[in-house]
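Read through the structure below, which is laid out as structure tokens, and then see the notes.
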Amino acid sequence: MAVPFDQLDGMIWLDGKLVPGPQANIHVLTHGLHYASCVFEGERAYGGQIFRCTEHSERLKNSAKILDFEIPYSVAEIDAAKRLVVEKNGIKDAYVRAIAWRGSEQLGVSAQANKIHLAVATWEWPSYFDPAQRLKGIRLDLAEYRRPDPKTAPCLAKAAGLYMICTISKHQAERKGYADALMLDWQGRVAECTGANVFFVKDGKIHTPIADCFLDGITRRTVISLAKKRGYEVIERRIMPEELSQFSECFITGTAAEVTPVSEIAQWHFNPGGITKTLMDDYTAEVQPKGKAAAA
């Protein structure tokens with residue numbers, strides 16, 4: 001059985017201090033817990049180096065502003081905190097979680113005087129999957145819940161509350177034997193998975209939904225850049241579910257997923273192929289610390 005996260009060894013950076021993991025606690029009457037006034041980032045360190053570290057810190061700060069609070073640390077200070085925790089915990093290939101939330105001074109819808117807290121934690125996470133296994137592709141269910149209209153929720157923030165329907169959808173998918181679920185948007189168009197962006201391939205061109213009601217992921221942007229360097233045309237557009245039968249390949253991207261092929265979405269089937277494999281390899285090379293790829 002895996003060790004519960006509240007019992008993990010190692011240090012967590014909490015409000016400017018390194019604290020032993022089991023002691024990094026908050027009060028049960030914390031606003032972030034009751035009213036979801038909480039934003040976070042999911043990042044990965046490869047060989048001790050955090051991939052796109054500053055981009056993630058910038059997005060964390062921006063997410064907080066969207067939720068109407070200011071993180072009391074600069075982007076540079078957040079970067080330094082993350083790197084310090086990775087170094088102190090001595091984990092070369094790690095997941096990095098930075099999280100900010102409103103504290104417990106007031107507990108009600110309004111909490112403008114509450115202290116803003118920031119924490120950074122890391123834990124071990126293997127860097128790469130077996131490429132041969134990944135190329136078989138994962139199976140996705142079609143989620144019942146949909147990504148909300150941007151006029152009804154702060155969709156462009158990486159905010160805790162937006163993941164409630166993701167957890168429900170992923171649980172339902174897993175109970176059916178799927179790895180994850182594809183979510184549509186409020187108008188019934190293809191949006192994303194519960195924690196990853198989605199791409200499709202047709203006639204050598206790559207298609208992906210416009211990221212206007214969900215996060216334009218940092219991994220998503222990285223993969224689009226890698227694809228364009230390869231000369232692939234990347235088309236960001238509205239995609240309807242009935243179009244899925246026209247695509248030959250499908251893959252998802254994200255901090256955890258990296259580039260993961262998809263073999264099935266509900267009744268639609270795909271054949272993980274050359275473009276997906278190329279982008280898997282290119283992304284693997286991109287995230288390696290400088291010099292490591294050349295030495296491999």
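The values are calculated or read from the model by the stated rules, or taken from the named source; none is laboratory data. Small disclaimer: the values here were computed from a predicted structure and weren't measured. Cβ coordinates were reconstructed from backbone atoms using ideal geometry, including for glycine residues, and neighbour counts include every protein chain displayed. All accessible areas refer to the heavy atoms of the entire protein, side chains included, with ligands and DNA or RNA removed. Shrake-Rupley method; radii C 1.70, N 1.55, O 1.52, S 1.80 Å.
Figures for the structure shown
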{"read-out": "Residues that are over 22 Å from the mean Cα position of the chain (by Cα) and within 24 Å of Gly21 (Cα to Cα), drawn from region 90-113", "value": "Gly90, Gly103, Ser104, Glu105"}
{"read-out": "Where Pro22 falls short, out of the listed (1) under 24 Å from the mean Cα position of the chain (by Cα); (2) surrounded by fewer than 20 Cβ atoms within 10 Å (Cβ to Cβ)", "value": "(1)"}
{"read-out": "Subset of region 253-264 [at pLDDT 95 or above, small (Gly, Ala, Ser) and open to solvent by 20 Å² or more (accessible area, probe 1.4 Å)]", "value": "Ser263"}
{"read-out": "Some residue of region 181-193 being of a type in the set (Lys, Arg), under 22 Å from Val259 (Cβ atoms) and more than 17 Å from the chain's Cα centre (by Cα)", "value": "no"}
{"read-out": "Sole exception among (1) touching a strand residue (DSSP E or B) at 6+ places or on another chain (Cβ under 7 Å); (2) of a type in the set (Ser, Thr, Tyr); (3) open to solvent by less than 40 Å² (accessible area, probe 1.4 Å) for Ser248, by number", "value": "(3)"}
{"read-out": "Any chance Ile239 is surrounded by 20 or more Cβ atoms within 10 Å (Cβ to Cβ), in contact (Cβ under 8 Å) with a residue 60 or more places away in the chain and over 22 Å from Arg52 (Cα atoms)", "value": "no"}
{"read-out": "Residues located in region 193-203, provided they are surrounded by fewer than 22 Cβ atoms within 10 Å (Cβ to Cβ) and either free of Cβ contacts under 8 Å to residues at least 40 places away in the same chain or closer than 15 Å to Gln246 by Cβ (or both)", "value": "Lys202, Asp203"}
{"read-out": "Scope region 265-283; condition open to solvent by less than 30 Å² (accessible area, probe 1.4 Å) and under 26 Å from Glu242 (Cβ atoms); matching residues", "value": "Ile265, Ala266, Phe270, Gly273, Ile275, Thr276, Leu279"}
{"read-out": "Selection status of Glu174, within 30 Å of Trp101 (Cα to Cα), open to solvent by 40 Å² or more (accessible area, probe 1.4 Å) and not small (Gly, Ala, Ser)", "value": "yes"}
{"read-out": "Residue list for region 90-112, filter: in contact with a helix residue (DSSP H, G or I) (Cβ under 9 Å, 6 or more places away or on another chain), among the charged types (D, E, K, R) and farther than 14 Å from Thr30 by Cα", "value": "Lys92"}
{"read-out": "Residue identified as touching an Asp or Glu at 6+ places or on another chain (Cβ under 9 Å) and either over 25 Å from Trp186 (Cα atoms) or at pLDDT 95 or above (or both) among Tyr283, Tyr232", "value": "Tyr283"}
{"read-out": "Residue ranges of strands (runs of 3 or more DSSP E) in region 28-144 with at least 3 members free of Cβ contacts under 8 Å to residues at least 60 places away in the same chain and loosely packed, with under 14 Cβ neighbours inside 10 Å", "value": "none"}
{"read-out": "Any hit, region 157-164, residues being part of a strand (DSSP E or B), under 18 Å from the mean Cα position of the chain (by Cα) and at pLDDT 95 or above", "value": "yes"}
{"read-out": "In region 204-228, the residues that are open to solvent by 40 Å² or more (accessible area, probe 1.4 Å) and either within 21 Å of the chain's Cα centre (by Cα) or without any contact (Cβ under 8 Å) to a residue 12 or more places away in the chain (or both)", "value": "Ile210, Asp212, Asp216, Arg221, Ser225, Lys228"}
